[in-house]
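Taking it in order: structure first as structure tokens, then the write-up.
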Amino acid sequence: MMMLKRDKKEEEEGGGNPFSNLERSSVLQEARTFNETPINPRKCGHILTKVLYIINQGEIIGSTEATEAFFAMTKLFQSKDPILRRLVYLGIKEMSKIAQDVIIVTSSLMKDMTGKEDQFRGPAIRALCSITDTSMLQSIERYMKQAIVDKVPAVSSAALVSSLHLSKSSQEVVKRWVNEAQEAVNSDNIMVQYHALGLLYHIRRSDKLAVTKLVSKFSKHTLKSPYAYCLLIRIATKLIEEEDAGSSSPMFDFIESCLRHKSEMVIYEAAQAIVQLKNTTAKDLAPAVSVLQLFCSSPKPTLRFAAVRTLNKVAMKHPAAVTACNLDLENLITDVNRSIATLAITTLLKTGSETSVDRLMKQISSFMSEISDEFKIVVVQAIRSLCAKFPRKHSVLMNFLASMLRDEGGFDYKREIVDCIIATIEENPEAKEAGLAHLCEFIEDCEHTVLATKILHLLGREGPRTPTPSKYIRFIYNRVILENAAVRAAAVSALAKFGAHCEELMHSCIVLLERCQMDTDDEVRDRATFYVNVLKQQQRALSSAYILNGLQVSVVGLERALHHYTLEPSETPFDMKTVPLATQPIVEQKVRETPSMAGEAVSKPDKAAATRQDVYQEQLAAVPELANLGALFKSSQPVEITESETEYYVQCVKHTFSNYIVFQFDCTNTLNDQVLEKVTVDMEAADGFEVVKQIPCASLPYNKPGTTYTLAHLPEDPTIVTGTFPCTLKFVVKDCDPNTGEPDDEGYDDEYVLEDVEVSVADHVQKVLKPNFAASWEEVGPENELEDTFALSSMSTLEEAIKNIIQYLGLQPCERSDKVPEGKSAHTLYLAGIYRGGHDALVRAKLALDSSGGVTMQLTVRSTDPHVSEVLATAIA
Amino acid sequence: MGFFDTLAQWLGVKKREVSVLVVGLDNSGKSTIINHFKPSESKNHDIVPTVGFNVERFKSKALAFTAFDMSGQGRYRNLWEHYYRECHGIIFVIDSSDKLRMVVAKDELDLLLQHPDLKNRRIPILFFANKMDLRESVSSVKCSSLMGLEQIRDKPWHICASNAVTGEGLSEGVDWLSDQIKDLIESRKK
């Protein structure tokens, strides 16, 4: 300790870190001092501290160097100096992973661990466990058991915590210490009790029944340690979550009873646990919230902070439950601690009524400049949810956001604000113009390239559809003059979109783009030249295909296809239609999860990450029989065709090619006394389909997934595309020893009936987002148009009908037409996609609620191929 | 070393510190020998195979020894060499009742003598022909010929028969070792 004090003093005097300029090689050189006899504890301690420092700074020490230093350090065991010895323990722990033969100190540590010096025993146990592997554990097992039940709390705790670490690698050995851990739970020391409970739980973690027993046992007889109580609450919460039990569970009663515990820590933990449970009713929440309410007026700032933070989280799910605390939260707004005040205000924003918004906003702005970015983000998120909740307040909120954008702040903060504004624009058409205006102002002085390009992209998409698109041109062109290359390129693209969308602006846009052709950056010049040429053609179809729609194929797929094309020189030009399309559904899901991504939805496929479909394409190409089917058009989501807890578990993925369909069956054998061989799936072909080939899975051992494929030829008649395939799993069973997995030589044939596999229209269609549906609609033309009217009597709401239509046709909803404005009785749904073979397919569905409670639909299909129109038009019927 | 330390040593109040290395095959009795020198209150009654090494301190009439009691098990013997450089003397313990493994002990001894850290040093080596009480044990003379000790010319060595359980022969050996080390230090000073 003296050493540390002295160092601290030096630090204060010198005003800097005494270790800041250490160099690895010189420190290791100094470590040779350890070899000298007699040992100078003070000097050696200082050097060892330096070694520890450089290791903790992340310096990488080679194995040889580390081993040399480690062995030098082992000589310090000669000294009985307590400071030095404890530093040595730390050194052993740090170097146990990088040096070799660390086992050398085993006996020395065992001696210390069983010795008389209590202050050596705990650290020695920890160091010993860090150098011990599974094979050596047996030899120290006896000592560990003794240490766990030692009467010195520090020793017992050290042994328990070390056991917890050891159980990661040697679960089996540690399991045998359960009796000792059991005994340690009864200890009087609060830390020992906590650690012992932790170990007990860890040992029994995988056995749900045992954990349940553990909780019910300890919830009855009272534990002394508040820490142990907190742990018990967490275990109980996890159990409730796993069982989906809700408040009816006896575990819940236990947690609730903890609300009346005398320790604040336990009370808080219990309240927090109740609040975080998934299916709780307002009645279950009430006691927890009232406890948190009490904490709000506690004199301890930590408690106030914890309470208000938890209330903030509750407010997201159950704003009504928190309303009761509004008065206490109001008082906290003026709290001296800014973090508490911020959380209080944001909670109030979530629970408050529309009328209080103005007042609260005023209050926040008074101290916005005093809080850290992290909390500013919390405020922004609160405002975002307010925007969604009270669309009418958008002008107040937008103004506030705009003033926040103008203030100082880091990237994360600014991004959050921009995301918030973008989300508001998309949710609320009334806020669009104001929002775009604020964003335009922001990019005038924006240091973050990512944000500037994102906003320019948004302007390109949304700007042309506003009443006065021309006013945005100036902002965009300013970027071309003032910014770096990436932003300039984004600005050029945005300009081109204005040109393509608005006839009256086209001429001016061409003039501006022509100026960009002189740019110093290649990318900017290329884009400008390309766009100018496309726009000069004056063909709507051309500009909508190459400017508005963007790239619709998967980038990874395109790269592979082009590489393939260059390898095999041929006369035929490269065909874009052979490239697999970007899988829209995945992007779509992401958008739903995090609304902040909404702005990126279109630009997303540009990111060259391998999609799920690319992975499948590669897998299939690796099977020789399936390699020559051409480009993979679409892979469906996996469908379970067995119950998930049966003997054999099978999932089916359908891969559609231009003339074939491949059924991929992922099978898992859940019986540990059987090995399946020659596994195939026998399918009865539906009308017009023809099963061509089966590729068996050679062997399917226990719990190792295997794959078998069945190849079917699609019907010659292009209008027959759907069908139902009854399936049977056929295989040879060989019994085997569950432990060794050695199969018997003899086997017998067996089969297992699976559920039917359906091929639907959706399997032949790939989702594609058309940013400008009307243009695409005109472009395809009425040549192959089909129209029909249906009465969907089974649907009662428009939302339900839309969901079903999308699911059935497998097309991408465009222009946000999948969202129905509230209170409307009629709606038009626009769907777009590409049909197998590369034909564009567009669907317009006019929906109306009819008086009998059903939905009437007028479906219009346009496509570049007459058969496709027919297939889609008949699909719903 | 400070002035007071020198003074204390001259007056014989504080003894000179030296370190010795205790090596030998497993189950030859190294830890038991060291245990014998420890003061009776800190004696260990239950001796288990050493893993790695142990540091023990004991005093003879002139010197304070720090003994590195190394593990004799086959897989740890390669770790001995890390401690060769700093030691002032070596105690090599031989199980005189184990004729079968005497050649293994000889091999280990040859490796030790050839090691670059020891090869050119005039370092005293004390051999204990341990377990002399057992009936099948060989005499110290036979032991030294089996081990080929007469070949060692550049280092002072001494062998004595011992019984680590009763302590017989141990102090005689250690007295020789301390004399040798003292001489060595004296001669180095001159």
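None of the figures in this text is laboratory data; all of them are computed from the coordinates on show. Computed from a prediction, not measured in an experiment: that's the story for all the values here. A quick note on method: Cβ atoms are made from the backbone with ideal geometry, for glycine too, and the neighbour counts reach across all protein chains shown.
Some notes on this structure:
- Exceeding the 31 Å Cα-Cα cut-off - candidates B:LYS38/B:LYS106; A:LYS471/A:LYS770; A:LYS536/A:LYS824: A:LYS536/A:LYS824
- Shape summary of segment A:664-789, radius of gyration then Dmax from alpha carbon positions: 21.6, 68 Å.
- Normalised convex hull volume, chain B, alpha-carbon set, Å³ per residue: 126
- Extending 7 Å from the Cα toward the beta-carbon at both A:MET136 and B:ASP117 defines two label points whose distance is 1.9 nm.
- Maximal additional length on extending the A:ILE720-A:LEU22 stretch stands at 243.7 nm, based on 0.36 nm per residue less the C-alpha distance.
- Computed helical MRE - 222 nm, chain A, DSSP H runs ≥ 4 contributing -39500 (n - 2.57), nearest 500: -16500 deg cm²/dmol
- A simple count of charges around A:ARG406, restricted to other residues whose Cβ falls under 10 Å of its Cβ and scoring Lys, Arg +1 and Asp, Glu -1, yields -4.
- When only Cα pairs below 8 angstrom with a gap of at least 6 residues are kept, segment B:130-190 shows a relative contact order of 30 percent.
- Percent of alpha-carbon pairs separated by more than 44 Å within chain A: 54
- Taking N as its residue count, the alpha carbon Rg of segment A:681-728 over 2.2 N^0.38 Å: 1.41
- Estimated distance in nm for a label pair at A:GLU746 and A:GLU242, the labels positioned 7 Å out from Cα along Cα-to-Cβ: 4.2
- For A:LYS350, a cut-off of 14 angstrom between C-alpha atoms picks up these aspartates and glutamates, skipping any fewer than 8 places away in its own chain: A:GLU330, A:ASP358.
- Derived from the Cα gyration tensor, the three semi-axes of the equivalent ellipsoid of segment A:264-387 are 22, 17, 12 Å, largest first.
- Note on segment A:58-172: with charges restricted to the Cβ of Lys and Arg (+1) and Asp and Glu (-1), its dipole about the Cα centre is near 420 debye.
- Ratio Rg/Rh, restricted to segment A:605-699 and using Cα atoms, in which Rh is the Kirkwood radius: 1.00
- The alpha carbon radius of gyration of segment A:143-256, expressed as a multiple of 2.2 N^0.38 Å, is 1.05.
- For A:VAL861, the shell of other residues with beta-carbons less than 13 Å away shows a net charge of -4, using +1 for Lys and Arg and -1 for Asp and Glu.
- Rounded tilt (10° steps) of A:866-875 against the dominant C-alpha axis of chain A: 60
- Using θ = phi - 60° in the Karplus curve 6.51 cos²θ - 1.76 cosθ + 1.60, the 3J(HN,Hα) couplings for segment A:433-441 round to 5, 4, x, 4, 4, 5, 5, 4, 5 Hz; x is entered for Gly and Pro.
- Stretching the chain fully between A:SER369 and A:LEU327 yields a gain of 12.6 nm (0.36 nm per residue, less the alpha carbon separation).
- Using alpha-carbon coordinates, inclination of helix A:522-536 to the longest axis of chain A, degrees: 20
- Stretching A:ASP673 away from A:GLU643 to a fully extended chain increases their span by 8.8 nm, per 0.36 nm per residue minus the current alpha-carbon distance.
- Whole-number percent relative contact order across segment A:142-244, with pairs defined as alpha carbons under 8 Å at least 6 apart: 23
- Rounded to two decimals, the Cα-based Rg/Rh of segment B:24-84, with Kirkwood Rh, is 0.98.
- Rounded to the nearest 10 degrees, the angle from helix A:485-501 to the longest Cα principal axis of chain A is 30 degrees.
- Reducing segment A:238-261 and segment A:356-402 to their Cα centroids gives an inter-centroid distance of 36 Å.
- Once you divide the Cα radius of gyration of segment A:711-778 by 2.2 N^0.38 Å, the number left is 2.07.
- Rounded to 5, the percent of DSSP beta bridges in chain B classed as antiparallel: 25
- Charge dipole of the protein assembly as shown (Cα centre as origin; +1 on each Lys and Arg Cβ, -1 on each Asp and Glu Cβ, all else neutral): 5720 debye, rounded to the nearest 20.
- Taking the square roots of 5 times each eigenvalue of the Cα gyration tensor of segment A:335-379, largest first, gives ellipsoid semi-axes of 18, 10, 9 Å.
- Peptide-level mean, for B:85-96, of C-beta atoms on other protein chains within 10 Å: 1
- Charge sum, other residues only, whose C-beta stays under 15 Å from A:THR789's C-beta, Lys/Arg counted +1 and Asp/Glu -1: -2
- When Rg and the Kirkwood radius Rh are both evaluated on Cα atoms of segment A:199-295, their ratio Rg/Rh stands at 0.95.
- 21 Å tail of the calculated P(r), segment A:41-184, as % of Cα pairs: 43
- Value of relative contact order over segment A:641-767, rounded to a whole percent, pairs C-alpha under 8 Å and six or more apart: 26
- Here's the picture: charge each Lys and Arg Cβ at +1 and each Asp and Glu Cβ at -1 in the protein assembly as shown, and of B:SER42, A:LEU28, A:LEU567 the one pushed furthest to the positive end of that dipole is B:SER42.
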